[in-house]
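Single-structure report; data block below.
The values are calculated or read from the model by the stated rules, or taken from the named source; none is laboratory data. Computed from a prediction, not measured in an experiment: that's the story for all the values here. Cβ placement follows ideal geometry from the backbone for every residue including glycine, while neighbour counts extend to all protein chains displayed. Please note that ligands, DNA and RNA were not included when accessible areas were found on the heavy atoms of the full protein model with its side chains. Shrake-Rupley method; radii C 1.70, N 1.55, O 1.52, S 1.80 Å.
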Amino acid sequence: MTRLEVKDLSVRRGSVDAIKSLSFELAAGTNLALVGPNGAGKTSLILAALGLVDSTGTLRIDGQDPRTLAPKERVALCSYLPQGETSSEDLRVIDAVMAGRIRFNEPRRLSRQKAESYLAELRLEDLALRPLNALSGGQRQQVSLAALLAQEAKFAWLDEPANHLDPARRLEALEHIRERSHAHGMGVVVVTHDVSLLTAMGEELQVLGLKKGRQAFRCTVNDADLSEQLSELYERPVRAVEVEGQRVITVLSGAR
């Protein structure tokens, strides 16, 4: 089970303090969702954790600072699914997922078997021999998720993993991430702007709200005051309601 420790973490990007003295811990076996308005510092936190932007303060995963590790050591500790458009190069799907196995010293035959198994988990096996540039944006996003899982890192940082996916596939993707985390002890931090997806990641999900680089709140997805905290964060009314026995979080129109 993978534990995350962040203490007094700060990130300055140009003249902007993207993250300001942020501190929190994530217990082993617990997943975290980062929420907040645009420019809150969510992506900057991920990039700092991966050593892709300069940062100060403490950041440890299982006692190791990923920012100080060599690339091969870092990819064993952390995997990353970025937001935005995924690759559209002329590369077959199976090869793109096999690339996630690059850190392993294993025969190509085994890498292919592993890649095929992760594609099958996401019901993408029919796409294996198709080129990435022949896929829709949603299909490419799912292939990127399969490649991330194939990496088998201890900790995963996912920036808007439901991008480009239809409603059913969004839920499936987040439910699959949750199940993999629980089954294999993989630590997970997910950035999402869609608060309606929070309940898909399980009742024990931790939610960390960021605003202007600082922590606005920290609670579990089932806390009674989550909707009020989200309302303050987004300055819009947010409600948690029961629909056919399921808790649904939704943002309403109009000022708070």
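Couple of notes before you dig in:
- Residue selected from the range 130-187 under the condition touching a strand residue (DSSP E or B) at 6+ places or on another chain (Cβ under 7 Å) and among the acidic types (Asp, Glu), by the criterion surrounded by the fewest Cβ atoms within 10 Å (Cβ to Cβ): Glu160
- Residue match in the range 80-87 (condition: charged (D, E, K, R), under 23 Å from Ala162 (Cα atoms), assigned to a loop (DSSP other than H, G, I, E, B) and open to solvent by 30 Å² or more (accessible area, probe 1.4 Å)): yes
- Considering the conditions (1) open to solvent by 10 Å² or more (accessible area, probe 1.4 Å); (2) outside any helix (DSSP H, G or I), Leu59 is excluded by exactly one of them, (1).
- Here Leu52, Leu45 are screened, and the one residue that is out of contact with any Ser or Thr (no Cβ under 8 Å at 6 or more places or on another chain), of a type in the set (A, V, I, L, M), open to solvent by 30 Å² or more (accessible area, probe 1.4 Å) and not in a strand (DSSP E or B) is Leu52.
- Asp54 meets each of the listed conditions (1) over 30 Å from Val195 (Cβ atoms); (2) modelled with pLDDT under 90 apart from (2).
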